[in-house]
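**Student:** Please read through the structure below; I'll follow up with questions.
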Amino acid sequence: MEEPVPIAEIANLDLDVQEDDDIVDPWNVASKSDTGIDYEKLIKRFGCSKVDDELIARFEKVTGKPAHHLLKRGIFFSHRDMHSILNIVEAGKQFYLYTGRGPSSDSMHLGHLIPFLFTKWLQEVFDVPLVIQLTDDEKAFWKDMTVETSMKMAFDNAKDIVAVGFDLEKTFIFNDLTYIGQCPEFYRNMVRIQKCVTFNQVKGIFGFGDSDVIGKITFPSIQAAPAFSTSFPAIFNDKKLPVLIPCAIDQDPYFRMTRDVSARLKFPKPALLHSSFLPALQGAQTKMSASDVNASIFLNDTAKQIKNKINKHAFSGGQPTVEEHRLKGGNPDIDISYQYLKFFLEDDEKLADIRQRYISGEMLTGELKKAAIDCISPIITEYQERRAKVTDDVLKQYMTIRKLKFDYK
Ligand code: TRP
């Protein structure tokens, strides 16, 4: 007999949002402040934990590697149960990684790259399997998009993801509209999850209403299912393994629900590592968005486009005149070029030097913009070289249902 859902964690999901609070949910991210989302406040609201110095030190100790700059600089700023994952590793036990993407435009942008770059690093330091879900069904429900179009976008985006450099022997990429029909175990887990969550609960978590299409109402079970290893029998047999999910913080509602359901399905609660958002070119009030060409740097932009976009649109924390700037200095915390360097410039010393010189007024906005362009352009060029090699055939290998290089008995 299955028992009723313990609703403790779900009861917390109906968040008490105040009028001035930042908006962060799977569909909207916005802040009224120049410095962007108040992530400290979000940790309190969501009830997750801060990635603190102690956790970073443990990361380094357990992996024997220096922490990734995205972790050290507080860009992956929050977590749930990350210590449990490190305990598992210390005990010589296994876990796997799960992340995903809702295909939304022909090309991904720089912001989309963040969780994937970090996931790649996690996969390397922990040497574990990774499953990547492309929620083409989600986009068909939410956007004015046919099933065929969303599938096509899923395949295009999957190529963009492969180009990040994931190891074929350790990575399985799937799109819902194909995989769910091929894998009854996945569908069975969906049904198990659907049995555990009421309409009232998803209303509270996601704000669904009476006029939302019914596909939306069940969709959270589809994003939850990959957090249960039995949804991938080809990889894990029927072994129940813990999972770590790196994702942007806006995806947390899905996984609060998943964590609540996991006890009922007799699985460990999924652990999470949450990232903040790469700000839009115009400023930190909004995140980079695929639907706004001028707000975003796309992975298929040319070097010239990148240069123009940063020079023309990147919000500056500098002063209106050179004289004033020399006198008062700039503010890197609202300056978008600086923010991009924080995300992409790996060298800590160089970054600290730029910060100091900008604050003192020695470095001008134009020079800071140039530093951002010089940092991002080669990253994108190298990425584009890898992307050019991802043929249909290469993609097919990643998306084929198969055993990975790990054995589970
Ligand atoms: N809903 C996510 C999006 O719109 C896609 C997604 C599915 C995802 N599964 C995930 C993201 C797991 C992070 C982790 O982008």
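The values are calculated or read from the model by the stated rules, or taken from the named source; none is laboratory data. Note that the structure is a prediction, hence the values are computed from the model and not measured. Here the Cβ positions follow ideal geometry from the backbone for every residue, glycine too, while neighbour counts run over all protein chains shown. Just the protein is used for accessible areas: all its heavy atoms, side chains included, with ligands, DNA and RNA removed. Shrake-Rupley method; radii C 1.70, N 1.55, O 1.52, S 1.80 Å.
**Student:** Return the residues of region 53-76 that are charged (D, E, K, R) and over 22 Å from Asp250 (Cβ atoms); say none if nothing qualifies.
**Tutor:** Listed by number, the residues that qualify are Asp53, Glu54, Arg58, Glu60, Lys61, Lys65, Lys72.
**Student:** Taking region 21-43 on its own, how many of its residues are within 16 Å of the ligand (Cβ to nearest atom) and part of a loop (DSSP other than H, G, I, E, B)?
**Tutor:** Within region 21-43, residues that are within 16 Å of the ligand (Cβ to nearest atom) and part of a loop (DSSP other than H, G, I, E, B) number 4.
**Student:** Still on this structure, I have one more. Which of the residues belonging to region 76-97 are surrounded by fewer than 19 Cβ atoms within 10 Å (Cβ to Cβ) and polar (S, T, N, Q)?
**Tutor:** Ser84, Asn87, Gln94
**Student:** A further question follows. Only residues that are among the small types (Gly, Ala, Ser), under 19 Å from Ile75 (Cβ atoms) and within 16 Å of the ligand (Cβ to nearest atom): list them for region 240-296, please.
**Tutor:** Matches in region 240-296: Ala248, Ala271, Ser275, Ser276, Ser289, Ser296.
**Student:** Sticking with this structure for a sec: I'd like to check something: does region 382-398 contain any residue that is at pLDDT 95 or above, buried (at least 20 other Cβ atoms within 10 Å of the Cβ), more than 23 Å from the chain's Cα centre (by Cα) and not hydrophobic (A, V, I, L, M, F, W, C)?
**Tutor:** Checked against the condition, which is being at pLDDT 95 or above, buried (at least 20 other Cβ atoms within 10 Å of the Cβ), more than 23 Å from the chain's Cα centre (by Cα) and not hydrophobic (A, V, I, L, M, F, W, C), region 382-398 yields no hits at all.
**Student:** Which pairs turn up if I take residues in region 68-90 that are farther than 21 Å from Ser276 by Cβ and look for partners that are part of a strand (DSSP E or B) and at pLDDT 95 or above with beta carbon separation below 7 Å, at least 6 apart in sequence or on another chain?
**Tutor:** Note: pairs meeting the criteria are Ser84/Ala271.
**Student:** Looking only at residues in region 72-107 that are among the acidic types (Asp, Glu) and either on the phi > 0 side of the Ramachandran plot or at pLDDT 95 or above (or both), which one is nearest to the chain's Cα centre (by Cα)? Let's see the steps before the verdict.
**Tutor:** Of all residues in region 72-107, those among the acidic types (Asp, Glu) come to 81, 90, 106.
After this cut, where a residue has to be either on the phi > 0 side of the Ramachandran plot or at pLDDT 95 or above (or both) as well, the list is 81, 90.
Values: Asp81: 17, Glu90: 26 Å.
Among those that are among the acidic types (Asp, Glu) and either on the phi > 0 side of the Ramachandran plot or at pLDDT 95 or above (or both), it is Asp81.
**Student:** Just to check your reading of the model, which residue among Ser105, Ser150 is part of a loop (DSSP other than H, G, I, E, B), within 13 Å of the ligand (Cβ to nearest atom) and in contact (Cβ under 8 Å) with a residue 12 or more places away in the chain?
**Tutor:** Ser105
**Student:** Going through region 282-317 one residue at a time, which ones are open to solvent by less than 10 Å² (accessible area, probe 1.4 Å), in contact with an Asp or Glu (Cβ under 9 Å, 6 or more places away or on another chain) and at negative phi?
**Tutor:** Leu299, Ala314, Gly317
**Student:** Residue by residue through region 120-147, note down the ones that are of a type in the set (Val, Ile, Thr) and within 15 Å of the ligand (Cβ to nearest atom). So that I can check it myself, show each step before the final result.
**Tutor:** Our first condition is that a residue be of a type in the set (Val, Ile, Thr); within region 120-147, this holds for 125, 128, 131-132, 135, 146-147.
Listed by number, the residues that qualify are Val131, Ile132, Thr135.
**Student:** What number of residues in region 257-280 are touching a residue at least 60 places away in the same chain (Cβ under 8 Å), touching a helix residue (DSSP H, G or I) at 6+ places or on another chain (Cβ under 8 Å) and under 20 Å from Cys196 (Cα atoms)?
**Tutor:** Count: 11.
**Student:** Identify, from the list Leu345, Leu278, the residue that is of a type outside the set (Phe, Trp, Tyr), in contact with a His (Cβ under 9 Å, 6 or more places away or on another chain) and at pLDDT 95 or above.
**Tutor:** Exactly one residue qualifies, and that residue is Leu345.
**Student:** If you don't mind, another one. So, of the residues in region 44-53 that are open to solvent by 20 Å² or more (accessible area, probe 1.4 Å) and either part of a helix (DSSP H, G or I) or touching a residue at least 12 places away in the same chain (Cβ under 8 Å) (or both), which turns out to be farthest from the ligand (Cβ to nearest atom)?
**Tutor:** Among those residues, the one meeting the criterion is Asp53.
**Student:** Right, something else. State whether one or more residues within region 213-226 are away from the ligand (no atom under 16 Å from the Cβ) and farther than 29 Å from Gly92 by Cα. Let's see the steps before the verdict.
**Tutor:** Step one: of region 213-226, the residues away from the ligand (no atom under 16 Å from the Cβ) are 213-214.
From what's left, farther than 29 Å from Gly92 by Cα: 213-214.
Scanning region 213-226 turns up at least one residue that is away from the ligand (no atom under 16 Å from the Cβ) and farther than 29 Å from Gly92 by Cα.
**Student:** Given the criteria part of a helix (DSSP H, G or I), modelled with pLDDT of 95 or more and not hydrophobic (A, V, I, L, M, F, W, C), does Gly204 qualify?
**Tutor:** Working: part of a helix (DSSP H, G or I): yes; modelled with pLDDT of 95 or more: no; not hydrophobic (A, V, I, L, M, F, W, C): yes.
Judged against the criteria, Gly204 is not a match.
**Student:** A further question follows. Enumerate the strands (runs of 3 or more DSSP E) found wholly within region 239-337, keeping only those where 3 or more residues are of a type in the set (Asp, Glu).
**Tutor:** The strands (runs of 3 or more DSSP E) meeting that bar number zero.
**Student:** If you scan region 281-324, which residues turn out to be free of Cβ contacts under 8 Å to residues at least 24 places away in the same chain and aliphatic (A, V, I, L, M)?
**Tutor:** Correct list: Val293, Ala295.
**Student:** Right, another one. For region 286-294, state whether one or more residues are under 27 Å from Ala30 (Cβ atoms) and modelled with pLDDT of 95 or more.
**Tutor:** No - not one qualifying residue is present in region 286-294.
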